[in-house]
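Structure, as structure tokens:
Every read-out reported here was derived from the displayed coordinates using simple, explicitly stated rules and does not represent laboratory data. Every value quoted in this text rests on a predicted model; they were computed, and no experiment measured them.
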Amino acid sequence: MVVYGALDIGGTKIAGALVDPQGRLLVRSERPTPAREPAEVLMGAVTAVLDELSGHSAWRELARLGVASAGPVDGATGTVSPVNIPGWRGFPLIDRVRSHPRVPAHADPVLVGDAVAMAAAEHWLGAARGADNAL
């Protein structure tokens, strides 16, 4: 079975999930975002979510890992500078996620802005399903 992973970095929570190709939720993890803490404390919350997800048996089938963050995000460099998370300015989030010991190289994490991720999800399984255009 193919499994897709997702991380959502927000101002109030850091959430992660594993889903199957039909979008069915297999496992979910969430931690509060320590938004006013230093960068490494924030990364510790991301690591905790990855640790929990990677402890699930479905993790062995992980094909891809999407990462969504409040912006600005720079998908080309994999860095984030969320306005609501002052400790991360030009933070190399994708390099740090990629370096997690249980993230397989073939999963190749991809970074997008959280609004782009939400629109993609709505197009895939939500209110915009089947629509050529959605706003």
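Per-residue extension of 0.36 nm, minus the Cα-Cα distance of Met118 and Ala131, leaves a gain of 3.2 nm for this segment.
Rounded, prolate or oblate: which fits the chain, taking a ≥ b ≥ c as square roots of the Cα gyration tensor eigenvalues, rounded meaning a/c under 1.5, else prolate when a/b beats b/c? Because a/c hits 1.5 or more and a/b fails to exceed b/c, the chain counts as oblate.
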